[in-house]
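Derivation of every value follows stated rules applied to the coordinates shown; laboratory data play no part. Given the structure is predicted, the values throughout are model-derived calculations rather than measurements. Cβ sites come from the backbone with ideal geometry, for glycine too, and all protein chains shown count toward neighbours.
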Amino acid sequence: MLPTIPVDVDPTMYYLCVGLGVLIIGIAKAGFGGGIGILAVPLIAVVMPVEQMIGLMLPVLILADILSNLHYLKEYEWRLMRWLLPGAIIGIVIGTALFWILNQSDSKTVVDDTLKLLVGSICLAVVLMQVFKLFGKEPPTLPKHPLSSVAIGTAAGIASTLSHAAGPIVSIYLVQEKVEKRKLMGTLLLFFMIMNLCKLPTYIGLGYINAQTLGNSIWFLPLLPIGTLAGAWMNKRVPEKPFAMIIYMTAFLAAAHMIYKVI
């Protein structure tokens, strides 16, 4: 059975945006391009409401996390993970509360517009962080303390719950903590797999994941390993900085468009 496409969306545009979004997730999970997975969020949001977009993306992200973690078994920095995870739980609770408050509105338009503003703003902030890093600039640092890890985990939990856009927040922090490259990747992947699994009850309870969104997710899952293989190939043959810059510019424009449509 084919995916359920919104009636006001061109089918070609739907397949192009969602398919490219899933491919980009696979490329990013292969370790190419830093945080280029951020483009998937505003790209898929072009062809569906935000709540459907985040609901469709979560099963895809969980499968990508599981597959990617197989390459980094036991490559974790538990010193930081044990404080990041409690912070992430706090952030997920806060994000869930924000969703619940929004859902109390009787106006579907108000809810959708508010989510577009939130998700678009988070994406813009994350893109700016990545561009800042891409040009070799050091972002502001936090003191080396367990509370710093909790604070980063909380910020990541909120951003991830609302928009699946927390990767750069955690990766920049782990780089600051001088985590060795393989352990950095392993820690990131395990952290996001656990956090994404913890978001499932919220998304199911609020109806963001349902039979329709799950069916649509399953339809696009075969593109994940293709994206991962493409990312592995690109790691060896494609200059990362120019490619990432193009992706970030595209993500910036797509996120800005989300906000522009509301205001």
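Couple of notes before you dig in:
- Linear extension gain, LYS74 paired with GLN212, 0.36 nm per residue minus alpha-carbon span: 46.1 nm
- A Gaussian network model of the chain, with springs between Cα atoms under 10 Å, assigns the largest mean-square fluctuation among MET13, MET195, MET53 to MET13.
- For the chain, modelled as a GNM whose springs connect Cα atoms under 10 angstrom apart, the maximal fluctuation among ILE204, ILE89, ILE226 occurs at ILE204.
- Helix-only [θ]222 nm of the chain, DSSP H runs n ≥ 4, -39500 (n - 2.57) each, per residue, nearest 500: -25500 deg cm²/dmol
- Cβ charges +1 (Lys, Arg) and -1 (Asp, Glu), total dipole of the chain, debye: 900
- Across the chain, Cα-Cα distances exceeding 32 Å account for 16% of all pairs.
- Proximal lysines relative to LYS29, as straight alpha-carbon distance under 22 Å, when same-chain residues fewer than 8 apart are discounted: LYS74, LYS133, LYS178, LYS181, LYS183, LYS199, LYS236, LYS241
- Cα-based reach from LYS261 at 18 Å (exclusive), listing lysines while leaving out same-chain residues under 8 positions away: LYS108, LYS116
- Full extension of the chain between ILE101 and ILE5 yields a length gain of 31.8 nm, computed as 0.36 nm times the residue separation minus the alpha carbon distance.
- Entry note, the chain: relative contact order of 39 percent, from Cα contacts under 8 Å with a spacing of 6+ residues.
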